[in-house]
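Peer 1: Sharing a structure below in structure tokens format, with a few things to ask.
The values are calculated or read from the model by the stated rules, or taken from the named source; none is laboratory data. What you see is a predicted model, and the numbers here were worked out from it, not measured in a lab. Here the Cβ positions follow ideal geometry from the backbone for every residue, glycine too, while neighbour counts run over all protein chains shown.
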There are 2 protein chains.
Amino acid sequence: MFKQFQTDIKMSKDEYEKRLLELRTELIRTQYKFKDYKRPMILVLTGLDGAGKGDMVNALADVMDSRLLEVATFWQETDEEAERPYYFRFWNSMPMGGKLGVYFNGWYERTIRKYIDGDDTENIFLDKMKNAEKFEKMLALDGTVIVKAWAHISKKEQKKRHEKLANKFDNVPEITERANWYYAKYDKIVASAEMAYKTTHTEFAPWEIIDCSDKRYSQIRFLQIILDSMKKALEDKMPKGGTTPTDLITFPDVLGSTDLNKTAENYKDELKELVTDIKPLAWEAYEKGISSMLVFEGWDAAGKGGCIRRLLRAVDLRLSKVISIAAPTQEELSRHYLWRFWRQVPRAGYMSIFDRSWYGRVLVERIEGYAKPEEWFRSYDEINDFEEHLAERGVMLIKFFLHISSEEQLARFEQREDIPWKQHKITEEDYRNRDRTPEYIDAYNEMFFKTNTKNAPWVVIPANDKKYARLEVLKTVNKTLEKMLKI
Amino acid sequence: MFKQFQTDIKMSKDEYEKRLLELRTELIRTQYKFKDYKRPMILVLTGLDGAGKGDMVNALADVMDSRLLEVATFWQETDEEAERPYYFRFWNSMPMGGKLGVYFNGWYERTIRKYIDGDDTENIFLDKMKNAEKFEKMLALDGTVIVKAWAHISKKEQKKRHEKLANKFDNVPEITERANWYYAKYDKIVASAEMAYKTTHTEFAPWEIIDCSDKRYSQIRFLQIILDSMKKALEDKMPKGGTTPTDLITFPDVLGSTDLNKTAENYKDELKELVTDIKPLAWEAYEKGISSMLVFEGWDAAGKGGCIRRLLRAVDLRLSKVISIAAPTQEELSRHYLWRFWRQVPRAGYMSIFDRSWYGRVLVERIEGYAKPEEWFRSYDEINDFEEHLAERGVMLIKFFLHISSEEQLARFEQREDIPWKQHKITEEDYRNRDRTPEYIDAYNEMFFKTNTKNAPWVVIPANDKKYARLEVLKTVNKTLEKMLKI
């Protein structure tokens, strides 16, 4: 199939220089306009070894302002990366809005290689392609410009280049090993790449096959692809995903059916015992490289902070990190909203505790209108995908929702005003949020319904009695750790 | 010596709770004031195993707003960290201004351990203490609040706690191995820590020895130390380093004695040959884990970009990264100016190419008044230290200065206005900078004189002929790579 993209074009030096001159001027101008674009552009550059990908990127570096260009190569994972889900490194390398990120190999090369080397079955390969497609679509709907380029040469041409290269780099086993692999597996690689093409060539993230038989031609074409994609984005011709929610559906009332009258007995003793039980489990999880992410959501003043502090007595800050979600920074606003949460996926053995979380997208952002209806509406799926990536990598995820009654909340607000170290916690905004209680109930119920997955169920905790809630949280952590550690 | 810090204090529960209540209110208020402080506070927490450091930090987490608190533990280095100079991870964990960073173990524990285990001689240990002192002084003079706490217990007490702990964590070899080491080496550890104390207890970064025999007392004292240090900083009672430069000294005129009439012959052939020569060397350096940092400084329009682009033909963007230094971001401004350069120290085998660099401190920041005289004046030493850390880690560092005459500069400015893809490069500011030429000459000459070290000499390149300059840059890179690779 890729054969049909092969051409006989030979670009003369004069033609090359003429085209380069034109492209150069237009690219730099377009790049400066793109600087103010709200999202980055990601160009995945992959393809056959020896096709000249390095030269293509050099041609790009030659003409563009390097302050707006970032190049990332995805070779061997570092140990920090290997401890996280596969997509961690791709999120981590995401440029800010207005910049162009060139992703060498992208998320494709390793997947193709594992398939060809027999580490992955065809079904796994196809699953991974599905993941790639989802990832790309998610970013694209959010405004990121994604283009994928496959640098192609014929088998004959590869042989020629391979022989030339072999002598030149015999001092670098990594290069020669790689080149030999590509050389030996040409047919299989092309066949797999064609499968990747068929499954992931979408309107959101199209593939461009670049015939690299002629170096001049391939460089010009590469630059042209970038220019065209940037222009398309600037002219607002990007695909849009526009499903918006409807008001006609109601969701099961999870909160209404929660018994809020539960109270703790023997609080002190039980707490002490739980802390003593959890402590060694947390260290064992560290030892075994099991990481966890704990989400705390719930009404204002429901007692999230108090629960987290009790938990820290068992899983102290050497093993854990508390991430309190406040308004996003400029850096965060210029990327997909999940970016800042992906960056907080902990290393093997550590725990990240979220005081509010990515669910803000379908709660405060929905209700305050920070996210448009089609944006928060599609994020239930995005969130489920995110949590699936975590589960696949063996991350222990618990999502707590602390529920209190409206009366209890009011009582706590008033109390806070009298306690010196809590006064800073109560503002006008808290009272304003109270007026929105019915909207929050709707949002909560939809959230429970849509994100209560097998991998990541919600744990709703009755929290009118603070002590009861704290014990429940610790009990759940204890139980889940035991399960993960198979005790 | 630490013995004298041991006390018989037993704090009653009532006393503890009374003090905690007072501290809690005052700490949270002080923390909110500290939020607007221009620099972070770093608290190094180290000491004997079993002293209860985890509980102390938990007490802190209990009372402070977790959004303003960051805890970093410095255990085993990750492979990414091990590839950089030792201080890389401490720079990398630096919180933003207004936050408190607790550094578990800090830069001390590993140094003490290496000394005791015989990996380092006493001289090396003392050299490392010298480095610690310099690092702390540098940050403190810049406004960072640094306090170091040593958590102490008697040998008898440690034995008691060790026995209790041993059974509890026998499922976690890492903890028991560590505890056993501390237990077996008590005397040596205390003696080494006392040496560390004597050599690094300064007005800039004082040590506090916390007697941890009584847990309640130690927690209260820990909180008190943090409160006092924050208050001291807020009351502007931090030590200041005030040496300012004098105008009476002139420095050798390096630029004046440079022959600007050199021109290239056989440019095309030589360039091609150099690119062909360097390419495999760069890959060999990658293979062998040798990283490099290349600095490009010089007059506006001296041709830095052109040199870098030619270099990229040999060391392409898969192995290298171009870092163009523009105005610092908010994140960068809230930390020591070297922070953003430390973060760009490349991984093993990679090359970072700086289009302008940390020398901006003694050039544009000096001349435009962005840095106060005492600030830029002390940074020559800070820069030399930074480069020494790089050299010690085996980083190949080349500092290029591209020199052109004033007439040549003007001619290039005028030319730029006529070339479509260069128009964006010329602004009013460039002409304004020209008026400051004499000041720049002074600053350049002082920079050459003070930072032309054995580890990191300057390479001044006559660049009136662009082609000559490009060849010289590539020749230098070629030669230095050969030297590093011992070819």
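Peer 1: Which one is surrounded by the fewest Cβ atoms within 10 Å (Cβ to Cβ) among residues in the stretch B:144-171 that are within 14 Å of chain A (Cβ to nearest Cβ) and among the small types (Gly, Ala, Ser)?
Peer 2: Going through the stretch B:144-171, the residues within 14 Å of chain A (Cβ to nearest Cβ) turn out to be B:151, B:164-171.
Okay, now just the ones that are also among the small types (Gly, Ala, Ser), so B:151, B:166.
Numbers: B:ALA151: 22, B:ALA166: 14.
Here the residue is B:ALA166.
Peer 1: Every residue in the stretch B:72-82 that is facing chain A (nearest Cβ under 9 Å) and aromatic (Phe, Trp, Tyr), please.
Peer 2: Matches in the stretch B:72-82: B:TRP75 only.
Peer 1: Further question on the same structure: Residue by residue through the stretch B:424-448, note down the ones that are surrounded by 14 or more Cβ atoms within 10 Å (Cβ to Cβ) and within 14 Å of chain A (Cβ to nearest Cβ).
Peer 2: Answer for the stretch B:424-448, where residues must be surrounded by 14 or more Cβ atoms within 10 Å (Cβ to Cβ) and within 14 Å of chain A (Cβ to nearest Cβ): B:LYS425, B:ILE426.
Peer 1: Now for a different question. The conditions are (1) more than 21 Å from A:ASP355 (Cβ to Cβ); (2) over 23 Å from the mean Cα position of the chain (by Cα), and B:TYR37 fails exactly one of them. Which is it?
Peer 2: (2)
Peer 1: Looking at B:ALA282, is it within 34 Å of the chain's Cα centre (by Cα), buried (at least 19 other Cβ atoms within 10 Å of the Cβ), in the same structural domain as B:ARG356 (by TED's automatic domain parsing) and not in a loop (DSSP other than H, G, I, E, B)? Even if it seems obvious, please write down each step before you answer.
Peer 2: Working: within 34 Å of the chain's Cα centre (by Cα): yes; buried (at least 19 other Cβ atoms within 10 Å of the Cβ): yes; in the same structural domain as B:ARG356 (by TED's automatic domain parsing): yes; not in a loop (DSSP other than H, G, I, E, B): yes.
In short, yes.
Peer 1: Tally time: how many residues in the stretch A:33-71 are in contact with a Gly (Cβ under 7 Å, 6 or more places away or on another chain), part of a strand (DSSP E or B) and within 9 Å of chain B (Cβ to nearest Cβ)?
Peer 2: So the count comes out to 1.
Peer 1: Let me spell it out: the conditions are (1) within 28 Å of A:LYS279 (Cα to Cα); (2) at pLDDT 95 or above; (3) surrounded by fewer than 19 Cβ atoms within 10 Å (Cβ to Cβ); (4) not aromatic (Phe, Trp, Tyr), and A:VAL460 meets all of them except one. Which number is the exception?
Peer 2: So the condition that A:VAL460 fails would be (3).
Peer 1: Scan the stretch A:287-304 residue by residue and report those that are out of contact with any strand residue (DSSP E or B) (no Cβ under 9 Å at 6 or more places or on another chain) and either hydroxyl-bearing (Ser, Thr, Tyr) or not in a helix (DSSP H, G or I) (or both).
Peer 2: Residues of the stretch A:287-304 that are out of contact with any strand residue (DSSP E or B) (no Cβ under 9 Å at 6 or more places or on another chain), as a first pass: A:287-289, A:300-301.
A:GLY289, A:ASP300, A:ALA301 - these are the residues of the stretch A:287-304 that are out of contact with any strand residue (DSSP E or B) (no Cβ under 9 Å at 6 or more places or on another chain) and either hydroxyl-bearing (Ser, Thr, Tyr) or not in a helix (DSSP H, G or I) (or both).
Peer 1: When you look at B:ILE353, is it out of contact with any Gly (no Cβ under 6 Å at 6 or more places or on another chain), modelled with pLDDT under 95 and within 23 Å of B:THR451 (Cα to Cα), yes or no? Walk me through how you get there before you give the answer.
Peer 2: Details: out of contact with any Gly (no Cβ under 6 Å at 6 or more places or on another chain): yes; modelled with pLDDT under 95: no; within 23 Å of B:THR451 (Cα to Cα): yes.
Considered against the rule, which asks whether it is out of contact with any Gly (no Cβ under 6 Å at 6 or more places or on another chain), modelled with pLDDT under 95 and within 23 Å of B:THR451 (Cα to Cα), B:ILE353 comes out as no.
Peer 1: I would also like to ask the following. Which number in (1) within 13 Å of another protein chain (Cβ to nearest Cβ); (2) free of Cβ contacts under 8 Å to residues at least 60 places away in the same chain; (3) out of contact with any helix residue (DSSP H, G or I) (no Cβ under 7 Å at 6 or more places or on another chain); (4) not in a helix (DSSP H, G or I) marks the one condition that B:GLU265 misses?
Peer 2: Every condition holds for B:GLU265 apart from (1).
Peer 1: Scan the stretch B:296-319 for residues that are within 20 Å of B:GLN409 (Cβ to Cβ) and among the aliphatic types (A, V, I, L, M) and report the count.
Peer 2: 3
Peer 1: May I pose another question? Check off (1) in a loop (DSSP other than H, G, I, E, B); (2) surrounded by 21 or more Cβ atoms within 10 Å (Cβ to Cβ) for A:CYS307 and give me the number that stays unchecked.
Peer 2: The single condition A:CYS307 does not satisfy is (1).
Peer 1: From B:GLU157, B:GLU163, B:GLU133, grab the single residue that is out of contact with any Ser or Thr (no Cβ under 9 Å at 6 or more places or on another chain) and of a type outside the set (A, V, I, L, M, F, W, C). Before the answer, list the steps.
Peer 2: Numbers: B:GLU157 fails: out of contact with any Ser or Thr (no Cβ under 9 Å at 6 or more places or on another chain); B:GLU133 fails: out of contact with any Ser or Thr (no Cβ under 9 Å at 6 or more places or on another chain).
Step by step, each of B:GLU157, B:GLU163, B:GLU133 is checked, and only B:GLU163 is out of contact with any Ser or Thr (no Cβ under 9 Å at 6 or more places or on another chain) and of a type outside the set (A, V, I, L, M, F, W, C).
Peer 1: Does B:ILE124 fit the bill of being surrounded by fewer than 20 Cβ atoms within 10 Å (Cβ to Cβ), assigned by TED's automatic domain parsing to the domain that holds B:SER66 and modelled with pLDDT of 95 or more?
Peer 2: Working: surrounded by fewer than 20 Cβ atoms within 10 Å (Cβ to Cβ): yes; assigned by TED's automatic domain parsing to the domain that holds B:SER66: yes; modelled with pLDDT of 95 or more: yes.
Against the criterion (surrounded by fewer than 20 Cβ atoms within 10 Å (Cβ to Cβ), assigned by TED's automatic domain parsing to the domain that holds B:SER66 and modelled with pLDDT of 95 or more), B:ILE124 qualifies.
Peer 1: Is it the case that the stretch B:228-241 has a residue that's among the small types (Gly, Ala, Ser) and over 30 Å from B:LYS148 (Cβ atoms)? Full working, then the answer.
Peer 2: Start the filter on the stretch B:228-241 by keeping residues that are among the small types (Gly, Ala, Ser), which leaves B:229, B:233, B:241.
Filter again for over 30 Å from B:LYS148 (Cβ atoms), leaving none.
No, because not a single residue in the stretch B:228-241 is among the small types (Gly, Ala, Ser) and over 30 Å from B:LYS148 (Cβ atoms).
Residues are listed down the side, and each one gets a yes or a no for (1) outside any loop (DSSP other than H, G, I, E, B); (2) touching a helix residue (DSSP H, G or I) at 6+ places or on another chain (Cβ under 9 Å):
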residue: B:ILE398; (1), (2): yes, yes
residue: B:ALA411; (1), (2): yes, no
residue: B:LYS422; (1), (2): yes, yes
residue: B:ARG432; (1), (2): yes, no
residue: B:GLU439; (1), (2): yes, yes
residue: B:ASN445; (1), (2): yes, no
residue: B:LYS450; (1), (2): yes, yes
residue: B:ALA456; (1), (2): no, yes
residue: B:ASN464; (1), (2): no, yes
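Peer 1: Being surrounded by fewer than 19 Cβ atoms within 10 Å (Cβ to Cβ), over 26 Å from A:GLN31 (Cβ atoms) and among the basic types (Lys, Arg) is true for just one of B:LYS467, B:LYS486. Which residue is that? Even if it seems obvious, please write down each step before you answer.
Peer 2: On the way: B:LYS467 fails: surrounded by fewer than 19 Cβ atoms within 10 Å (Cβ to Cβ).
None of the others qualify; the one that does is B:LYS486.
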